[in-house]
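The values are calculated or read from the model by the stated rules, or taken from the named source; none is laboratory data. All figures in this text were calculated on a predicted structure; none of them were measured in a lab. As a convention, Cβ positions derive from the backbone with ideal geometry for all residues, glycine included, and neighbour counts pool all protein chains shown. Heavy atoms of the whole protein, side chains included, go into the accessibility calculation; ligands, DNA and RNA do not. Shrake-Rupley method; radii C 1.70, N 1.55, O 1.52, S 1.80 Å.
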Amino acid sequence: MSETSPATMPPANTAASRKVFIKTYGCQMNVYDSQRMGDALASGGYVATDAIEDADLVLLNTCHIREKAAEKIYSELGRIRRMKADRAEAGKDLTVAVAGCVAQAEGEEIIARAPVVDLVIGPQTYHRLPEALSRVAKGERVVETDYAVEDKFEHLPQASARQVRSRGVTAFLTVQEGCDKFCTFCVVPYTRGAEVSRPFAQIVAEAKSLAEAGVREVTLLGQNVNAWTGEDAAGRAVGLGGLLFALAEIPGLTRLRYTTSHPRDMDDELIAAHRDLGGLMPYLHLPVQSGSDKILKAMNRRHTAADYVALIERIRAARPDIALSGDFIVGFPGETDADFEDTMRLVETVGYASAFSFKYSARPGTPGAEMGGHVEESVKTERLARLQALLRDQQMAFAKGLVGETLSVLVEKPGRHPGQLVGRSPYLQPVVMPESVGEIGDVVEIEIADAVANSLIGRGTPATQSFGMVA
Ligand code: 5AD
Ligand code: SF4
């Protein structure tokens with residue numbers, strides 16, 4: 001595998017020693033895309049900076065999932081406008097690019113509303129970033145939001161081994177993009193387009209190069225990751241389960257995860273992977289959104305609450321210690337008190353180790369936004385508070401239940417305090433440990449001495465003020 005692919009970039013001297021500041025909003029897919037864009041820019045001579053004041057190019061990789069997320073971008077652009085004006089006074093230039101789902105959804109509107117923006121580029125066209133920047137350099141304002149016929153995965157350069165190593169022992173790997181499910185609340189099918197699976201051989205090659213660069217844990221990403229399909233090396237049609245069985249064979253890759261899944265696509269092969277693969281971590285993010293059949297139908301989720309519970313039972317039969325996580329929306333149009341109580345009941349029945357919950361936010365262009373029966377803000381607030389209290393209790397109970405157990409933890413980085421290391425439990429919880437446990441990249445066995453807010457404390461961790469008395 002070549003370390004870099006400069007072929008897709010303009011000659012390095014056009015951008016020599018220019019600095020890029022990338023700010024990422026939203027999901028892990030955006031985190032991955034930002035890294036890939038950063039790699040492409042690095043191959044073209046840009047140097048990454050963490051300080052926006054030093055940047056020649058500011059790239060905002062945006063999220064459109066809820067209204068608040070989208071509005072944040074415009075306030076950030078307001079700050080950048082003032083920065084650019086100060087620069088101009090000093091005779092210096094600043095290029096501003098907006099990428100991600102706001103770019104895709106709002107395209108020309110961003111150019112009109114925010115004159116500071118030079119380039120708007122959607123997720124389907126990131127491989128055209130270098131060329132788009134050359135056009136900006138010639139004074140054009142560019143909008144690149146067409147759905148590309150080319151495969152963006154083919155065109156973005158692989159990260160070099162050095163770049164991967166500097167990111168650490170865990171990595172994301174996109175295997176699937178887009179969504180054909182059309183849940184009525186969701187913008188993703190519009191911003192990320194139709195479901196596309198990345199070819200098996202490409203995924204395996206990237207996973208191998210990550211492992212060779214020192215990555216120990218890979219999280220497969222997709223908006224609908226378990227809808228991934230492909231052909232394995234023998235030409236056999238496989239789903240995500242089959243892909244996981246193949247990735248589990250790669251030397252050095254000790255842990256696998258994937259996110260985010262739809263209940264309709266949890267097939268037998270994937271459940272078998274949870275049963276048979278020790279390296280597939282016992283953690284599953286499986287959003288259900290609501291516990292009311294009426295609301296699930298209005299959301300176009302295409303399953304009932306009972307289907308979901310039955311599925312969870314099958315998964316737990318295959319992997320009894322699996323930790324479940326979910327996403328919930330309260331206040332979808334038409335949600336009554338009784339519907340909301342159904343959601344609370346479903347949460348009680350399933351028992352979550354972690355979860356994300358949101359107030360419904362009407363998104364322009366989605367069917368939900370056109371539905372009657374919008375729920376009062378105050379009712380949404382009250383329901384969200386009740387749901388979050390229950391989910392928080394479940395998360396704490398799950399964590400406390402691990403105290404006294406010995407868990408295998410992948411050591412990821414130094415802790416916040418001297419003498420500490422931090423890693424992840426199989427269930428994705430941060431674990432704080434004494435530095436004597438091992439090196440970064442090791443999977444160590446450690447007894448859990450305590451569970452605090454969002455992390456577990458390994459036995460022997462030096463006591464700190466924030467953790468109080470730790471054994
Ligand atoms: N309003 C509120 N929450 C939403 N989500 C997606 N769209 C909306 C919306 N319009 C939530 C869902 C999804 C998660 C990523 O964001 O719970 O699973
Ligand atoms: Fe959005 Fe539904 Fe697709 Fe998930 S499955 S990305 S919620 S449309």
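Quick notes on this one:
- Free-standing Cys, the chain [no other Cys Cβ under 4.7 Å]: C27, C63, C101, C179
- Once the Kirkwood radius over Cα pairs is known for the chain, the Stokes-Einstein relation at 20 °C and 1.002 mPa s delivers a diffusion coefficient of 90 µm²/s.
- Of all accessible heavy-atom area on the chain, the percent that carbon and sulfur account for (1.4 Å): 52
- Extreme residue, positive dipole direction of segment 278-416, given options T366, T406, S290 (C-beta unit charges): T406
- The chain: calculated mean residue ellipticity at 222 nm from DSSP helix runs of at least 4, using -39500 (n - 2.57): -11000 deg cm²/dmol
- Here the chain is assigned +1 on the Cβ of each Lys and Arg and -1 on the Cβ of each Asp and Glu. Its dipole about the Cα centre then comes out at about 720 debye.
- Placing +1 on the Cβ of every Lys and Arg and -1 on the Cβ of every Asp and Glu, with nothing else charged, gives segment 257-400 a dipole about its Cα centre of roughly 280 debye.
- Cross-link check: pairs K208/K413; K294/K380; K23/K181; K72/K359; K19/K138 evaluated at a Cα-Cα cut-off of 26 Å; pairs beyond the cut-off: K23/K181.
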